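Asker: Please find one structure pasted underneath; my questions will follow.
The values are calculated or read from the model by the stated rules, or taken from the named source; none is laboratory data. Predicted model, so just to flag it, every value in this text is computed and none were measured. Positions of Cβ are backbone-derived with ideal geometry, glycine not excepted, and every protein chain shown enters the neighbour counts. Heavy atoms of the whole protein, side chains included, go into the accessibility calculation; ligands, DNA and RNA do not. Shrake-Rupley method; radii C 1.70, N 1.55, O 1.52, S 1.80 Å.
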Amino acid sequence: MNQKMTTLKNLKFFVHTFGCQMNDNDSEHIAGILKSYGANPSDILEESDLIVINTCAVREKSEEKLYSLLGRLNSLKKKKGKKFTIGVVGCVAQLHRSKLLEKMPYIDFILGPDNYRIIPEIMTNLFKEKIISTDWSKDWHEIPAAQTLRTSRVSAFVTIMEGCNNFCTYCIVPYTRGREKCRPSPQILSEIQELAHSGYKEIQLLGQNVNSYIDPNSKKGFIDLLKEVNTIEEIAWIRFITSHPKNFSPDIAAAMKDSERVCHQLHLPVQSGSTSVLHRMKRGYSREDYLQIIMNLRKLMPDISLSTDIIVGFPGESDKEFQETMSLLEKVRFTNIFSFRYSPRPLTEAEKNKDEVPFAIKKARLIAVQNLQKIIQIETNQLLVGRTIKVLCTGKSKKDPNILSGRNAGYQVINFSSKKEVLYQFVDVLITSSGPYSLLGHTL
Ligand code: 5AD
Ligand code: SF4
């Protein structure tokens, strides 16, 4: 402990995060661990002593962005010398391991998503050897709450499980994050209690496939966990991400409806509107199964806000199959979507399939999806103009510090002006205008 303290005390670190909420949360842990040894976070890359890059391997594009950042850091290191430490952690580290070091010998350490706890030890022994650690452990490793440096003061991610057993044919996650591993529920609940005491108002339960959560000791499932979290009074809004249609039983929808603190909002990745593509993706549900889930959700909670992920140009996707994705978007009318061009990833089953959709077609399909969704969002957001909506103010707008920013229960971005101090509070906002991606208004 002492040696680690001596090495890390007053060291300035910078954590750069690529990818999903899971990575955001891991980066909060990395920063918290470093801070607990006396190191300080820095906002300026050039002035830092240690750079930790938390990487994402889910699509080729995010990997490319990593390599361009590493190129910049190499030039900086040449200027700053040996004392500038570069660590690559997370999914790309897990995927390429020592190959990264062969190509970029200036990297100082490489750690998989299950290994970043050892950064303080590494920093203590750094100049003796380069460290590559990408082992997975089967057991859950608890990170003390004190070792989490949260970026938000009102909304917190709480990891409930890690990894994935699904092996969808396009997806690299099971190879980088390993198999499913669930966190014992007493630990989850005590972290949320602590967050509640420190003033957090919203929590998001986090995992690659939260619906398949099962407590490793009591064997209780996701619904029991959700109901227990719902008893923590100070937490006003509960969300969970990511759900899988294959595991999203009607009981989960009913538990959402019955748990008054659970927001009527759900991210449910469909990936494609075509049953044949879904079959080739090994998703485990059909277009009809998905639409049935949506119908049931809307019957129980007519105000539910739904979002999804879409992949266009999966190998062999015909124009007819693509049109089924378009018609699903028209049918469901999601509040928001995240859409991607299929990107072949190493180790996955689909990558071996040579029936690739040409790049120009993938590109055109992505534009078509995004244009259609934009129209849907313009139309649905317009309906909110003139209404007063409850918003959790999460901070100031990035573009204009006089404007505050927050989200409603449906997880839509709302920018608003306010006469009184409402930072980090719930407020009622009158919506005065709308765009496809956000809503504008003011407090009353
Ligand atoms: N290509 C494109 N998108 C992908 N996703 C996962 N793997 C790939 C891939 N190989 C998308 C899925 C997933 C989201 C997190 O990323 O839509 O839900
Ligand atoms: Fe990837 Fe499928 Fe697992 Fe999601 S459910 S992480 S898409 S393998």
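Asker: Quickly run through the range 326-354 and pick out the residues that are within 16 Å of ligand 2 (Cβ to nearest atom) and hydroxyl-bearing (Ser, Thr, Tyr).
Answerer: Scanning the range 326-354 gives Ser339, Tyr342, Ser343, Thr348.
Conditions tested, residue by residue: (1) out of contact with any Phe, Trp or Tyr (no Cβ under 7 Å at 6 or more places or on another chain); (2) touching a residue at least 60 places away in the same chain (Cβ under 8 Å); (3) within 16 Å of ligand 2 (Cβ to nearest atom).
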| site | (1), (2), (3) |
| --- | --- |
| Ile131 | no, no, no |
| Glu142 | yes, no, no |
| Arg150 | yes, yes, no |
| Ile160 | no, yes, yes |
| Cys164 | yes, no, yes |
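Asker: Within 30 Å of Asp309 (Cα to Cα), away from ligand 1 (no atom under 16 Å from the Cβ) and of a type in the set (Gly, Ala, Ser), is that true of Ser42?
Answerer: So Ser42 fails the test.
Asker: Any residue in the range 373-391 that is within 25 Å of the chain's Cα centre (by Cα) and within 16 Å of ligand 1 (Cβ to nearest atom)?
Answerer: Among the residues of the range 373-391, at least one is within 25 Å of the chain's Cα centre (by Cα) and within 16 Å of ligand 1 (Cβ to nearest atom), which makes the answer yes.
Asker: Just to be sure, is Ser198 of a type in the set (Ser, Thr, Tyr) and more than 16 Å from ligand 2 (Cβ to nearest atom)?
Answerer: The answer is yes for Ser198.
Asker: Identify all residues within the range 214-251 that are open to solvent by 10 Å² or more (accessible area, probe 1.4 Å) and either without any contact (Cβ under 8 Å) to a residue 24 or more places away in the chain or among the charged types (D, E, K, R) (or both); write none if there are none.
Answerer: Answer for the range 214-251, where residues must be open to solvent by 10 Å² or more (accessible area, probe 1.4 Å) and either without any contact (Cβ under 8 Å) to a residue 24 or more places away in the chain or among the charged types (D, E, K, R) (or both): Lys219, Lys220, Gly221, Asp224, Lys227, Glu228, Thr231, Glu233, Glu234, Lys246, Asp251.
Asker: Of all residues in the range 286-307, which are more than 14 Å from Pro269 (Cβ to Cβ) and among the hydrophobic types (A, V, I, L, M, F, W, C)?
Answerer: Those that are more than 14 Å from Pro269 (Cβ to Cβ) and among the hydrophobic types (A, V, I, L, M, F, W, C): Leu291, Met295, Leu297, Leu300, Met301, Ile304.
Asker: What is the one condition in (1) within 16 Å of ligand 1 (Cβ to nearest atom); (2) at pLDDT 95 or above that Leu205 does not satisfy?
Answerer: (1)
Asker: Considering only residues that are within 16 Å of ligand 1 (Cβ to nearest atom) and in a strand (DSSP E or B), look in the range 51-87 and name the one that is farthest from Ser343 (Cα to Cα).
Answerer: Asn54
Asker: May I pose another question? Looking at the structure I just gave you, is Leu372 at pLDDT 95 or above, in a helix (DSSP H, G or I) and among the aliphatic types (A, V, I, L, M)?
Answerer: yes
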